Structures are given as structure tokens and as C-alpha cells.
Amino acid sequence: MKKEVILISIIFILVSTAALAISEQIIETTLQFKAITSPKTEANILANITFFPKNTNSQQIENTKITPEPEKSIITSNEILVLYKNTNEFNTKIINKIKINPTPIEITTANYPLKIYENLKQYLEADEFINSNNENIINLANQLTNNLTSEYEIAFELGNWVYKNINYNLSTISDPTKKDSIWVLNNKQGTCNELSILLTSLLRAKSIPARIVEGFARSSTSWDAENQGFSSIALIGKEWIPHSWVEVYFPENKQWLPFDPTFAQLGYVDENHIISKYSSKINEPSIKYEWESEKETTIIPEEPKFSSTLIEQTEITSNVKIKINPIINQISPLSFLPVRIEMENPNSYYVPITLQLKKAPMNTKENIKPILLKPDEKRTEFFLFPIPKVEDVTTTAEIVDNYNNIYNFHLEISEKYKLIRKAEAMYIIEKLKREFLLNNFDEINLNCQPERNNIQPGEKINIVCTITNNQEEPINNINLCISTQCKSFNLKNKATEEITLRLKNPENEIEIVAEKENKQKFQFLKINLIENPPLTIKSFQCPKIISLNENSTLLLSLEATKPIKDIYLNIEGMEVIPINAFEGKNEVIIPVQGSYFTDKEGYIFSYILYRDEDNQYYENYDSCLIKTDKYQLKEKIIHAFSRFFTFINN
């Protein structure tokens, strides 16, 4: 009696948030297939295996061994046939020595639309799972990429959209029916199979040849204590699990490029991927069993198992230049951290980059940022990284790229710092993008800083700007503006000018612009507004009416919530008065002569400069209204003549 059964491997893997450095490796792999007869009966079992490590541009098979040795075997590039006789168990291992080279393929040009040859048309077809002819799929693909004229950029944009918008979810594994791309798009979830199906559909909707790749990838799961289950966020680990991703064909280069929307590796895959099968369709079998037995029996297969041993490893380097600039270094838990990333690709070909925020208090999908750099491109990007609820921590945060280059920056997380919600962080980024895009005054450098770091609402503040002329020629009639206040100035060749603008009631963020005709240089300055300063002026009391020939006093009532020191009081027109360090309440009595108010009738201002126990400088001010006796005209005239003759004699 002869029977046949088809086994389609279940392909799934937990989503990775680890963008480990790509490296060249030599590994020995073992792929085990196991099946038993039921009831247990001896049979001749023939297996047609199409799911095994393939010889490709990125992985070279150096040798293949089958154990235990079969009665007969045939090995070709696409299939392995093995026959075992008189056995009740099929248990074979395919052992390979593989050299993996995941260096991204150098694509210099990728013009779109494409010229498609006959042999590629199978990779453009729609089927029951790949719904590339569906109106919603077509509309989405066009909406995401309509302005793009590069195949590489289109494929990257579609892959990035799937990565960011389709949630990895293992719930569909228990359902024996495969989900098509329409279901995945509507439900915004799926396994790596479903993510690959949707990306393939979007690519084919744009008439870009795409195929499903099946194989293995390394992963490790983590327990989610809050949700009491295995987290859908996991790390690349030691365990090999069946996995699938996508390859895109580039006709100009005659190359297939990998795009993995599960791992955010778009234009490359790292050494943690092993290619075992290519498919133009999703439902092609991976192994087929045939058997002969004198008794009635069937075959019960098990899930294939894959393992590897590392023999040799060499890191792959990149000459792409990356500079990380966190916009905020002190932030509250549950905030969103805005980061500016400056990149330069000195190569004549596209370079795909994956950045990951590491040494961070949490590990989420939002900590992974895939980027595609065009040939010879300089670019600035802005990203948001989520900060979880943690205890106060000061750390050196790390952003790591897929070439294991590490970029450090200082980060302090504490509830004493401002909470930056996502909407506010996005607003900050939009302002910075505007600054970056509108800056066309390249002939000058502009650097503005507040005179002090801690400002109280309603307080006046000096903004000190340093402007440098980068040219050999002078630049005239430059306007420097903050709000409605502007100053005009000239810059000699290669000269530097320092200009101070005084601003009242500053906001958290100040827009500063230096402009000349149609050229502008923007800077957005962050101001640290202190809502509750350590020292407050509770009252500033002046005599309501004072005669010019009498003496009086001013009374300043102060209250400090913590120790303050280096206190200096300045009342306009008078000498600076030092005040002893104190904490709590303090009253300062200032003796004054009536003659001091001769030409100061109206509001009198007091100004205090001080430091707290952390050596942070602050200032505060208040005013009081005072009048001189209007009937004392004679005294005013006498006093005026006295000041005049004093001036003449001096």
C-alpha cells in the first residue's frame, strides 16, 4: 500500500527589538526532520525535502552531510530526496557548514518604474493570500509611495510602514487557516508570515517583483509580568525558530534584496537569518513524505528542529558617519525623548541602517529606527524614544547601529524634571525640523544662550547671541530678532559679534532668527522656567509719599524654601547691598534719603541675584509705587541747583 502526505512548516518567530551588529560567520548547522508511523509499523519511507539551507549570495554551503546514512539519497540545489527502508521512524539530520556574509548588496541606482521580464512575472501575481490586486492594498501602496521614483526607497517605505503599523501577535498561530493580506491590513496584526504576506502584496501592487523567503531566525522570549504572558517584544537570542521574510528583485542590478518587516531590517538581514526556501506563493509544501508498508499505517510528522555551532566570526564595518544629539538631557519618567540624528553616507550606493536605543530603562518596538541613506546623502532625522516609569536614574544612554557602532549621550530621568508628553515632543521636533529646513543663511553661524539657566515666569531675561561671519566679505544690514524685538548690525569679514537682547515674559521655547533679505538662520532656544523658585519676595514696601528733605526706609520681606547664599540686592540707582545667607523668612530694611527720589517718582524696582545649595543661580524682582510731595517744589528746585553746582565743581 502506498500513501502520500504533505507537511507545510509552521513559520513564526517573536518580534525582535535587537538590532545586533551584522557579522560574517562560519557555522555548522543541524536541521532535523522526524516522523513516525502510526500504528508503529515498518515501512519504506521516502522524503522529498525542499526546506533546507540554500546556497545563495549571502550564504555559501561548504558541505552537506546526511545522517544516519540513507539507503539512497539525491541532493540538488532545490531538493533533497532520502529513502530509508524497513523502519518505523524517519529521523534524519541534514548537517551543513555554512559561510554567512550579510553585507548589504551595493545598489547604486534603482529607477522606477521597472522593466519586467517574463521570468519575473510569477513574482507579480496575486493569489488567495497575496491580494496585490485588492483596491485597498493598491490605494495604500500608492498613498505611501506616490512621490518616490526609486525602487529601493519604495520598498523601504512599504517595509517600514508594515514594521511600524502591524503589531506582531501570536494569536493567529492557533488558527489553522492562513490569513491573507486583506485580513492583516484590516486587523493590523499577525505573525511574521502575515507581515511578509502583506509586504509582498504592497510591493506587487506597485509592480515590484517580490517573493517570500522561509528559513530560521534566532529569538528569545521574555515574560510580561504586567500582562501575565509572553511578551510580543523579544530579543534576538540563541534559539533558532522558523521564520519568514521578503526579498525584492532589482532588475538594474539583477539582485534580490532581503526586507524583514518583523526585525526592521530593510535592505539587509543579519547573520541571525538562515535561508531555507524561496516561494512565489505562500502555501507551497516544505516536505513531502511517501511510504510503502504491508500493513495499514500513516505518517505523523514533528516540527523541524534547527541548531547551530559558531566556528568563526568577523565583524563587518561601515564608513557611514552618525552624530546623536539628544534635544533634552533631563526628563521625567513616562516622557518621550526627542533626539536629532545627523547622518552622512560617503558611498556611491544606498546604505540601510537600523538604530536601536540601548542601555535604556525599557525595550520597545519604538526604540528601533530603520533608515535608508541614499548615495552620497547627508541627512538629519528626528526621532522620539519612550521613557518608562522608573526610579530616579542618571545613565549613559546608548544608540547602537547594525554595524555595532555605539553613540553615547548623558541622560537623567527623574520626577523633578518636566514631563514631556508625546504631543509636546512632536511639537518640539516639528519646530526643529522647521529650523533645519528654513536655515539657508549659510554665510553665518548663530549661537544664542540665556544669560542664566533658571528663569521665573514674568521675569526679564538677557539672551546673548554670538554671530560669526564665515565669509571673506563683510555682511551688512543683518537683523537679529526675538519676538518683536530686533537689532540691526553689520559683520566684517571673518568677524564675530556678540549681541544681547532683553526679553520679558519668556516662554519655555524662544524662536531666534538672524535674517538678511531672503536668507534666514533659525535657532529655537529652550528656557528652563522655574514655577516655584527657592526664594520669593513676599512684599516690597515703600512710603506712599516722601519729602525730598527727609529720610525713610524701604522694607523687603523675603522667604526661602531652602538654604540660599551669595545674595545681592540692587535697588535701581543705589549701590549693591549684600545679604547674609539664610533659609525661611527674612526682612531687609533699606534706609533711603528723600533726595534719592527727586527724579524717580513712580515705580521703584528691586532686583535680587542669589544661588541655592546646588549652586544654581536665580534672580527675582519686585516693584513698589512711590510719590514725592507735590507741594515741595521749592525743595526740588534747590536740590536740582545743588546737583548742578556739585557737577560743575567736580
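The values are calculated or read from the model by the stated rules, or taken from the named source; none is laboratory data. Quick caveat: nothing in here was measured; it's all calculated off a predicted structure. We place every Cβ from the backbone using ideal geometry, glycine too, and count neighbours over all the protein chains shown. For the accessible areas, the whole protein counts, side chains as well, though only heavy atoms, and no ligand, DNA or RNA atoms are used. Shrake-Rupley method; radii C 1.70, N 1.55, O 1.52, S 1.80 Å.
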Query raised in the report: For segment 414-463, how many residues meet the condition of being over 27 Å from the mean Cα position of the chain (by Cα) and either among the aliphatic types (A, V, I, L, M) or surrounded by fewer than 16 Cβ atoms within 10 Å (Cβ to Cβ) (or both)?
Result: 12
Query - Yes/no for Ile274 being in a strand (DSSP E or B), surrounded by fewer than 19 Cβ atoms within 10 Å (Cβ to Cβ), in contact with a Ser or Thr (Cβ under 9 Å, 6 or more places away or on another chain) and at pLDDT 90 or above - result: no
Query - Selected residue (criterion: nearest to Val400 (Cα to Cα)) from residues of segment 340-389 that are among the aromatic types (Phe, Trp, Tyr) and at pLDDT 95 or above - result: Tyr350
Requested in this report: Can you work out which of the residues in segment 319-339 that are under 22 Å from Asn404 (Cβ atoms), at pLDDT 90 or above and not aliphatic (A, V, I, L, M) is least open to solvent (accessible area, probe 1.4 Å)?
Outcome: Asn319
Query raised in the report: Looking at Ala495, Ala514, which one is out of contact with any helix residue (DSSP H, G or I) (no Cβ under 7 Å at 6 or more places or on another chain), modelled with pLDDT of 85 or more and surrounded by 16 or more Cβ atoms within 10 Å (Cβ to Cβ)?
Result: Ala514
Query raised in the report: Could you say whether any residue in segment 152-169 is touching a residue at least 12 places away in the same chain (Cβ under 8 Å), part of a loop (DSSP other than H, G, I, E, B), of a type outside the set (Lys, Arg) and more than 30 Å from Leu373 (Cβ to Cβ)?
Result: yes
Report task. Among the residues of segment 529-581, write down those that are among the small types (Gly, Ala, Ser), buried (at least 16 other Cβ atoms within 10 Å of the Cβ) and under 50 Å from the mean Cα position of the chain (by Cα). Result -> Ala560
Query raised in the report: Are there any pairs with C-beta distances below 6 angstrom linking a residue in segment 462-474 that is among the hydroxyl-bearing types (Ser, Thr, Tyr) to a residue that is open to solvent by 40 Å² or more (accessible area, probe 1.4 Å), with the two at least 6 apart or on different chains, and if so which?
Result: Thr466/Asn447; Thr466/Glu498; Thr468/Asn445; Thr468/Thr496
Requested in this report: Identify the residue in segment 589-601 that is open to solvent by less than 50 Å² (accessible area, probe 1.4 Å) and modelled with pLDDT of 75 or more and, among all such residues, is nearest to Leu535 (Cα to Cα).
Outcome: Ile590
Query raised in the report: Is one or more of the residues making up segment 166-176 in contact with a Lys or Arg (Cβ under 7 Å, 6 or more places away or on another chain), β-branched (Val, Ile, Thr) and at pLDDT 90 or above?
Result: yes
Requested in this report: Could you name every one of the strands (runs of 3 or more DSSP E) located completely within segment 288-328 that has at least 1 residues being more than 30 Å from Leu384 (Cα to Cα)?
Outcome: 298-301, 305-315
Requested in this report: Could you please find all residues in segment 498-511 being open to solvent by less than 70 Å² (accessible area, probe 1.4 Å) and over 33 Å from the mean Cα position of the chain (by Cα)?
Outcome: Ile499, Thr500, Leu501, Leu503
Query raised in the report: For segment 331-346, what are the residues that are more than 16 Å from the chain's Cα centre (by Cα) and among the charged types (D, E, K, R)?
Result: Glu344
Query raised in the report: Restricting attention to segment 602-613, does a residue exist that is open to solvent by less than 50 Å² (accessible area, probe 1.4 Å), over 28 Å from Leu529 (Cβ atoms), at pLDDT below 75 and touching a Ser or Thr at 6+ places or on another chain (Cβ under 7 Å)?
Result: no
**Report entry** Filtered residues of segment 388-408 (kept if crowded, with 18+ Cβ neighbours inside 10 Å, within 12 Å of the chain's Cα centre (by Cα) and under 20 Å from Ser335 (Cβ atoms))
**Finding:** Ile399
